[in-house]
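Here's the structure, in C-alpha cells; my notes come after.
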Amino acid sequence: MRQEEGLWHRLDLVARSISPFFVTLLLVLVSLLPLRIADLSPIVPALALIGVFFWSVHRPDLMPIWAVFLIGFVQDLLTGAVLGPGIVGLLVAHALVVWQLRFFLAASFAVIWVAFMLVAAASLSVTWLLTCIALMAYVEPAPLFFQYLVTLAFYPCLAWAFLRGQRLFHR
Amino acid sequence: MNKPTGSEIRVASPLKAWASRFALLLLVGAAFGLMLIGRTNTFIVEDTRTAVTDMVTPILDAVSQPVDTFSGVIEQAESFTRLSAENQALREQNARLLQWQAVARRLEAENAALRDLSKMVPDPAMNYITARVVGDPGGAFVRTVLINAGDRNGVEKGQAAITGDGLAGRVAEVGQRSARVLLLTDINSRVPVIVGPARDRAVLAGDNSNMPELLYLGPTAKVQPGDYVTTSGHGGVFPPGLPIGVVSAVSEKGIRVDPFVDWAHMEVLRIVDYEMTGILDFEAQVGAARAAATAAAETTPAAAVEVAPAAAAEARP
C-alpha cells in the first residue's frame, strides 16, 4: 500500500515537473487554430512567448533552456516561418529573465507585467530582425506591433490561469 | 518543489551561471545553424517540417471542427439580423448574374466554335481535391494555412489552391496527410498573372500585407484601378484564367491588387490538379537528384555534391 502511494507520488511529481513544457507546447498548437475572425489572423498573440516568460519567471527549474529551444523549434516548424528566428526570440526572452531572476523573485504581478512588456519587445524585435536577414527582405513591422499589443493584453489572462493551476497543484 | 530561496540561488550561482551561459551560447548557435541549414539544404528542413505537421494535423483537424461550428453559429446569428436587406441584395445580384450567364453561354459556344476552327490544342483536364483548412499560424511573418489532405489524397507540390471566389495560393509542402498552402499574400509568393483588358503580363508578389503588389509590368502597360487580374498559366504551374482579384491602387509606390478571396472565412480549399507536363518533369528531376544525394551521402559526403547535378541532368528529358 505504501509502495503504491510512493509510485503515485512519483508520477505526480513527474507530471508536475513536465507540465510547463507541455502546456507551452499546447499553446503553440492553440495559436495554430483557425479562428476565422476578420483581420485577426495577422495579429494572433504570441502565446508561446507568454508561456516561456511565465515559467521562466515563476518556475525556472521547470523551464530549462533546452525546453525553450525545443518549443521554439516546434513553433517555427509548425508556423512555416523561417527556421531559427523564433527560437532565438524565445531564447532571448528566457535569458533576460534568468539574468534578472532575483529581481523577479521579489516583484509583484503588475511589475512582472511591465517587465514582460520589455522582454516581449526585445524578443519580438530580435525575431523580426533575424527574419528580415534570413528572407533578405524588409518585413512590414506594423502587424508585428499590433501582435505585440495583443500579446501584452493576453498576458494577464493567461498568467492568472497559470497561477490558479499552479495553486491547485500545490494544495 | 518549493520556490528556490535567495540563499540557495547565491550558493549555486557561480557554477550555474557559467553552465547556463554556455548552454545559451550553444543553443543560440544551434538556432543560427538551423537558419543556415534552412537556407542551404531545404530538403532536410522540409522533411522535418512535414513530419511534424503530419503528426499535429489530426489533432488540429479534430479541434478545429468545433471552432468552425462555433464561428458558423455566430455568423448565422449575425445574418439573421440583416436577413431582409441581404435578400434584397441577393435578388438584385441574381438578376445581374442571369444576364451574365446568358453572355457567358454565348461566348462559350463562340469560343468552342473558334477553337474548333483554328484547331487549337485543348487545355489539359482539371481535377479537384477538396480539403478543410485546419491550421492558420497567423503572425506577422508568414501567410500560410494547413489543410487536411496530403500525398495520399493526391495533393502535389505546386498545385493551385482556390476557393469559390478565386485563387488563394499554391501548395508549398506536402506530407502524408497534410499540406501547407502558401497564400498569395505571403512574402515568398510569386504568381505570373495577366492584367486588365489589354492582357499585360506581370508577376503578383506578396509582402505579408493583405494587398499583394504587381511587379515587372511592361513600360507600355496601362493599368487602372478596377482592372481584373487572372493567372496567366506561364511556367505551367497554374491553369490559366483563374480569377485572382482587382487592381485597387495605382501609385508611384506601386500597383496593389485586392484579392477576391475572403481570408477570414476560408474554411475549405479546392486543390487544382492540373495535368501539365512541365512541372511534373521538374518534380521528377528534383526527386532523382534527392535520391542520388541521399544515396551518395551514405557513402561519401564529397561525392554527394558531384552526383546530385549529374542525376538532375540525367532526369532531364
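Every number here is computed from the coordinates shown, using simple stated rules; none is lab data. Since we're looking at a predicted model, the values are computed, not measured. Positions of Cβ are backbone-derived with ideal geometry, glycine not excepted, and every protein chain shown enters the neighbour counts.
Based on the Cα atoms of segment B:127-275, what semi-axes does the equivalent ellipsoid have, where each is the square root of 5 times one gyration tensor eigenvalue, given in whole Å with the largest first?
Rounded to whole Å, the semi-axes are 26, 16, 12.
Give me a comma-separated list of calculated 3J(HN,Hα) values for segment B:214-223, in order, Karplus coefficients 6.51, -1.76, 1.60 applied at θ = phi - 60°, integers in Hz, x for any Gly or Pro.
Working through the residues one at a time gives 8, 10, 6, 7, x, x, 8, 5, 10, 10 Hz.
What is the set of long-range amide H partners of B:Ala168 at a cut-off below 5 Å, with H atoms built 1.01 Å from backbone N?
The answer is B:Ala161, B:Ile162, B:Thr163.
Between A:Pro64, A:Pro34, A:Pro141, which gets the highest mean-square fluctuation from a Gaussian network model of chain A, Cα cutoff 10 Å?
Maximum fluctuation in the GNM of chain A, among the listed residues, is at A:Pro34.
Compute the distance in nm between two label points, each set 7 Å from the Cα along the Cα-to-Cβ direction, one at B:Arg152 and one at A:Phe103.
5.2
Give me, ordered by chain and number, the residues 5 or more places off A:Val44 or on other chains with an amide H under 5 Å from its own placed amide H.
Hits under the 5 Å cutoff: B:Gly139.
Which order do the peptides B:127-135, B:255-263, A:83-91 take when ranked by the mean count of other beta-carbon atoms within 10 Å per residue, highest first?
The peptides rank, most packed first, as A:83-91, B:255-263, B:127-135.
For segment B:169-211 and segment A:86-151, compute the distance between their C-alpha centroids and round to whole Å.
Cα centroid of segment B:169-211 versus Cα centroid of segment A:86-151: 31 Å apart.
Per-residue mean of other chain beta-carbon atoms within 10 angstrom of the beta-carbon, peptide B:29-40?
Counting other chains' Cβ atoms within 10 Å and averaging over B:29-40 gives 6.
In a solvent-free Debye calculation with one equal scatterer on each Cα, what is log10 I(q)/I(0) for segment B:130-209 at q = 0.13, 0.15, 0.26 Å⁻¹, listed in the order of the q values?
Those come out to -0.42, -0.55, -1.24, one per q.
Within chain A, which complete DSSP H helices have Cα atoms spanning at least 30 Å along the helix axis and a mean Kyte-Doolittle hydropathy of -1.0 or higher?
A:2-30, A:109-135, A:142-170
Based on the Cβ-Cβ distance of B:Leu107 and A:Met117, what FRET efficiency does E = 1/(1 + (r/R0)^6) give at R0 = 45 Å, to the nearest 0.05?
0.15
Please check: in the Gaussian network model of chain A (C-alpha springs, under 10 Å), which one of A:Val57, A:Val92, A:Val14 has the largest mean-square fluctuation.
Taking springs between Cα atoms under 10 Å, the residue moving most is A:Val14.
With θ set to phi - 60°, apply the Karplus curve 6.51 cos²θ - 1.76 cosθ + 1.60 along segment B:108-118 and write out the HN-Hα couplings as whole Hz, x wherever there is a Gly or Pro.
4, 5, 4, 4, 4, 5, 5, 4, 4, 5, 9
Ranked highest first by the average count of other Cβ atoms within 10 Å around their residues, in what order do A:148-158, A:43-53, B:104-114 fall?
In descending order of packing, they fall as A:43-53, A:148-158, B:104-114.
Would you grab the residues whose amide H sits under 5 Å from the one on B:Ala249? Only those 5+ places off in sequence or on another chain, please, with H modelled 1.01 Å from N.
Residues meeting the amide H criterion: B:Arg256.
Can you give the percent of C-alpha pairs in segment A:21-151 whose distance is more than 21 Å?
38
Grab the beta carbon distance between B:Thr69 and B:Leu90, set R0 = 30 Å, and tell me the FRET efficiency rounded to 0.05.
Calculated transfer efficiency: 0.80.
Applying the Karplus parametrisation 6.51 cos²θ - 1.76 cosθ + 1.60 with θ = phi - 60° to the phi angles of segment B:166-176, what ³J(HN,Hα) value in whole Hz is obtained for each residue in order, glycine and proline being reported as x?
Going residue by residue, I get x, 5, 9, x, 9, 6, 9, 9, 10, x, 5 Hz, with x marking Gly and Pro.
Assuming 1.306 mPa s and 10 °C, estimate D for segment B:118-171 with Stokes-Einstein, Rh taken as the Kirkwood radius over Cα pairs, in µm²/s.
Translational diffusion coefficient: 119 µm²/s.
Quick one: which of B:28-37, B:218-227 comes out on top by average Cβ neighbours within 10 Å, and what's the full order, highest first?
Top to bottom by mean Cβ count within 10 Å: B:28-37, B:218-227.
Suppose only helical runs count, i.e. DSSP H with n ≥ 4. What mean residue ellipticity at 222 nm does that imply for chain A under -39500 (n - 2.57) per run, divided by all residues and rounded to the nearest 500 deg cm²/dmol?
One gets -26500 deg cm²/dmol as the mean residue ellipticity at 222 nm.
Which FRET efficiency value, to the nearest 0.05, is calculated for A:Leu96 and A:Tyr138 with the Förster distance at 30 angstrom and r the Cβ-Cβ distance?
Efficiency, from the Cβ-Cβ distance: 0.70.
Work out the mean other chain Cβ neighbour count within 10 Å for the residues of A:131-140 and drop it here as an integer.
4
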